[in-house]
Each structure stands twice: as C-alpha cells, then as structure tokens.
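These notes are about the structure you will find just below.
The values are calculated or read from the model by the stated rules, or taken from the named source; none is laboratory data. Keep in mind that this is a model prediction, so the values were computed, not measured. Backbone-built Cβ (ideal geometry, glycine too); neighbour counts: all protein chains shown.
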Amino acid sequence: MSKVLLAIGTRKGLWLASSADGRASWQVSGPHHPMNEVYAVAVDTRRDTPRLLAAVTSEHWGPSVATSDDLGETWSEPDHAPVAFPTDTGEALGRVWQLTPGPASLPDVVYAGVQPSALFRSEDGGRTYELARGLWDHPHRPQWTPGFGGMAVHTVIPHPSDVDTITVAMSTGGVYRTTDGGNSWRASNSGIRARFLPDEYPEFGQCVHKIAQHPSRPEVFYAQNHHGVYRSDDSAATWTSIADGLPSDFGFPMVAHPHRPGVVYNFPLTADGMRFPPDARCRVYRGEDGGRSWTELSDGLPDEFHTAVMRDAMCCDDASPAGVYFGSRSGEVYASANEGDSWRLVVSHLPDVLSVRAAVVA
Amino acid sequence: MHVTVLLPGVLRQHAGGSAKLDVELADGATLGALLDVLAADHPALDRRLRDERRLPRRYVNVYLDGVECRTLLGIDSPLADGVEVQVIPSVAGG
C-alpha cells in the first residue's frame, strides 16, 4: 500500500484526499467540479490505470458523469449526455445516485443507479450508458414512490463472479434482484418492515436506505432500512433483524468489510423524526459475526455532533487492515486506518458530504 | 431568416468559445427548431440547455428580444427574423 485515494463528493463539488504514509496523513485537493452536486463517486481499480468516476449535477446545466484517468488531474465528459432516458420513456434524468464498477471479469462494465428509479449500464468504462429495460419495464414501477430525497435506484451491487446477477435497492420500492442479466427482476424484501404502510410487510414498497454485500460471501447481504437493520444469508430472498445491540435501528449507510466476512459498519441516527446520532454523540458501530453483536467505536470521534451521515457517505478501502471513512452533512470527513478502532479528522468545513469512496491506487 | 444567439460565459466553451452564434433558419421556425440546429453543431451545449425531452432545463432562461420564452409559447415560440435569443442562467442554488 503506497497510496490510498479518498474521493469525497459533496453538495458543491468533489474533493480528493490522498495518503502516501499508510493513511496517517492526507493531502486534500478541491473542489473539483465546483458547484456541482456529487451524489456518487467510484474509484475503479480494475484497469492498470485507475479510473475515477463522478456523478456531477449542476442546478443549472443538469446531470452528467465525469471520468478521470489521472487521479483527478484532468476530467472528461462526452459531448452528448452520458446518461439519458430514451425518448419513448418520456422521462428526463434527475441525477445519478450510484456508480458501481461491474465484476472483475467485465472490466469495461459500469452500472449507474439513477433518479427517477432506473438502472443504466455502461460498456465503455463508464463514459456512456444505456437504460436497462428489464427493470424499467417492471410491472411494479408505477407503484414505486418518491421519499423525501427523491425516487432513485441508490444502490447497485453486481455479483462478484456471476455476471448475470445484480441486486439493486431503491427508495421507495425496496430490493430487487435479477439472475438473468437484467431481463427479469424479482422483489426481494421478505422480512423487511415498512412501518409507513398499512401492510407493514408488503412484497415491495419498502424504503431501504442502503444494502451491502460481502465480496467473499456474495449470498450474505446487510440492509439499513427506514427503521430496521437486517441481514440476509440467502441472497436477499429473506431478511432477519440484526438491530439488537444498536442504539437505534434508523440510519442511512451500511458498509461491508472488504475482507472479513461477518463484519459490517453502521452509523445510527436516533429516529426518523430525530435525525441526529443518539445523545448527539458521533459514533460508528461495527457489527461482528454478521451483526449478532455490535461494538461502539468512539476513539477520536466527537461527543457533540448534531449532524448526520448520508447513505453513500461511508465506505471502506480495499487495504489490509481496512480503512473506514465517513463524511457528515456538516462537512467533516473522518478516517480510520485500523478498521474503526480509532479515528482521525481528514478534512472539515466542506459542504454537505454526500458520497465517499476509497481505494489503494498505487 | 437570421437569428443571433447570445451565450453566458460559462457556456461558451461548449460552443467553440463563441459568445455569439449566428444561425440561419427557415421562415417561421420556432425556438425548438433553433435549439435543434444548435444541438447538431454543439451537442455539449445542447445538453446543458435542454433535457432529453428537449425541454429547457428548469433554471435556464431563454429570452427572445428580452422576453423569457416561458411567458410566450415556450419552445414553440415562433422566431422573427433578426431576433436576439439570449440564454441566461436564473437565480438558483444556495
């Protein structure tokens, strides 16, 4: 591990932090793409030269995806809109919420989850995308509804080895999964509660905030729901609560450890109607043994923290030991170089942090 | 007929660096037809002015001789020979 890059997407641009000393200190540059919302970032390390991808949305000039093959020194965008709904849909792209590199065996495939809820696929490394018709034509789609933040596919998880299997999550709508390359999709929400609906356990319609998958055990998923924290051991077919041991079952991010099956990270907020951490203390919770037990992580984190961490504003890098990162709506970014045992402030006074991703790049 | 398009500084890089574009159109052409002509030559400009439904973006205002197009017929507004079409970003953001 000679260099780790941390990409920080905010409401007003992208910042890049790099560390060449084992994540002890960070050099920060930015803003890149100033005054653009950056809901999604990705560090694609499947090619010899890492590629950065950033979903950039200008209030004035609309949404786009920018890529960089020199770690953010320069950026490029195609002349035509890289993500655009076909004319027959009658829709216009609101923003890209998620950029996810495909499996290692398909190094030019990148997926984009977008608002309104849809999945797009790129076969040129994330420069241009096409609508995935199978999900768009799903008979449930007219019944998916927007939450406060909009109606979006915010999570895309390709199976690490089976190129035909992809799992997505949307708010509201819940979890959907294809095993035939996207031709057909099945709702996968059994056991996830929707306490804002008369039928609290519907087939679909849940407000799933984030799901995560263990790379080495792709049948294991974790979910942070709009109240409710769950694990699935059967490829998202059924879900079981793992909220015991957490101070709250509300929150947004859910991050799986890159190497250690059974380890997951969560940032609880008090409740739907009280979106601060419990007792206003900034705390990350690390789940062990598949979330059967939780450890409060506090070393280096503040005790007065009247802010929140958004669904894509927490991540791990791929180093060993793994680094863990999160950013807040108050513009602070914290990093742990020892799997969450202790934390350091990377940067503060940024705009609202919407997304973070990190990887070893050299 | 002849139409002049004025662009704000931030968009000029997407129109070959030009602040002003001179466009020849058929008589009776609409604002939408003008934007279609611009799109053919300057797609990177077009996607910043319109979404994929060919509608002006919410915070993009287009003035026809000083009158914002939404107070007329929007993209169906007819253009007169010699009209000055000015693109101005509206007040937005925080």
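Observations on the structure shown:
- Just one of the numbered conditions (1) free of Cβ contacts under 8 Å to residues at least 12 places away in the same chain; (2) in contact with a Lys or Arg (Cβ under 6 Å, 6 or more places away or on another chain); (3) not polar (S, T, N, Q) is not true of A:Arg311: (1).
- Among the strands (runs of 3 or more DSSP E) confined to the range B:18-89, there are none with at least 3 residues that are surrounded by fewer than 19 Cβ atoms within 10 Å (Cβ to Cβ), polar (S, T, N, Q) and away from chain A (no Cβ under 14 Å).
- Out of A:Ala152, A:Ala112, A:Ala81, sole residue that is among the small types (Gly, Ala, Ser), touching a Leu at 6+ places or on another chain (Cβ under 6 Å) and closer than 16 Å to A:Thr57 by Cα: A:Ala112
- Of the residues making up the range A:82-97, none is within 14 Å of another protein chain (Cβ to nearest Cβ), buried (at least 20 other Cβ atoms within 10 Å of the Cβ) and under 24 Å from A:Ser348 (Cα atoms).
- Selection count where residues are surrounded by 24 or more Cβ atoms within 10 Å (Cβ to Cβ) and within 14 Å of chain B (Cβ to nearest Cβ), scope the range A:10-32: 1
- A residue that is of a type outside the set (S, T, N, Q), within 26 Å of B:Ile88 (Cα to Cα) and under 17 Å from the mean Cα position of the chain (by Cα) can be found somewhere in the range A:5-22.
- If you filter the range A:284-343 down to residues that are among the polar types (S, T, N, Q) and within 30 Å of A:Ala152 (Cβ to Cβ), you find that the one that is nearest to the chain's Cα centre (by Cα) is A:Ser328.
- For the range B:8-15, the criterion of being within 11 Å of another protein chain (Cβ to nearest Cβ), assigned to a helix (DSSP H, G or I) and touching a residue at least 40 places away in the same chain (Cβ under 8 Å) is met by at least one residue.
- Residue under evaluation A:Tyr325, criteria (1) in a loop (DSSP other than H, G, I, E, B); (2) closer than 28 Å to A:Lys12 by Cβ, criterion not met: (1)
- Considering only residues in the range A:98-134 that are of a type in the set (A, V, I, L, M) and within 14 Å of chain B (Cβ to nearest Cβ), the one that is surrounded by the most Cβ atoms within 10 Å (Cβ to Cβ) turns out to be A:Val114.
- Among the residues making up the range A:48-62, those that are more than 9 Å from chain B (Cβ to nearest Cβ) and more than 18 Å from the chain's Cα centre (by Cα) are A:Asp48, A:Thr49, A:Pro50.
- Listed by position, the strands (runs of 3 or more DSSP E) enclosed by the range A:176-234 that each have at least 3 residues that are crowded, with 16+ Cβ neighbours inside 10 Å, modelled with pLDDT of 95 or more and out of contact with any Pro (no Cβ under 9 Å at 6 or more places or on another chain) are A:217-225, A:229-232.
- Inside the range A:85-108, residues that are more than 20 Å from A:Ile8 (Cβ to Cβ) and touching a residue at least 24 places away in the same chain (Cβ under 8 Å) make up a count of 12.
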